[in-house]
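Throughout, read-outs are computed from the coordinates displayed, never taken from laboratory work. The structure presented is a predicted model; accordingly, all values stated were derived computationally and were not measured. Here the Cβ is made from the backbone with ideal geometry for all residues, glycine too, and neighbour counts use every protein chain on show.
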């Protein structure tokens, strides 16, 4: 949530807005509020992820699995991008193999210095692994993210 002029709390992004829409008007909701240390930088990271997801998912060939459409998923994309950036931990799966889980982005679990390193590594992953075929430069990516933030 983000505090708006006048004191109203508004959803931080589209994903949060979707969660808020699920509550019925007049519902009493309990929450634990904590101010983020650098909310604008966190928004910038999410804008980068959203932009990369939109470019990546626009070029996906749709397919089916057992009669169901296989669709791009922004949350899965975010986790995979975090793993590509090097922020993960290995965990066991039920079948005895292991998989990689993305590290939590919660401020209580990631320092601002670590988050800065994550941001830089995310840019590298976006340019070298996710959008390499689009030939986007670092400057173009930075400019696109900054422009999107101005209109957010």
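For the reader, a short list of remarks on this structure follows.
- Pick from the range 1-58, criterion part of a loop (DSSP other than H, G, I, E, B) and touching a helix residue (DSSP H, G or I) at 6+ places or on another chain (Cβ under 8 Å), ranking: surrounded by the most Cβ atoms within 10 Å (Cβ to Cβ): 12
- Residue match in the range 128-144 (condition: more than 15 Å from residue 56 (Cβ to Cβ), surrounded by 16 or more Cβ atoms within 10 Å (Cβ to Cβ) and under 16 Å from the mean Cα position of the chain (by Cα)): no
- Test: residue in the range 74-88 that is within 20 Å of residue 121 (Cα to Cα) and in a strand (DSSP E or B): yes
- When residues of the range 91-123 are limited to those that are part of a helix (DSSP H, G or I) and under 15 Å from the mean Cα position of the chain (by Cα), the one surrounded by the fewest Cβ atoms within 10 Å (Cβ to Cβ): 120
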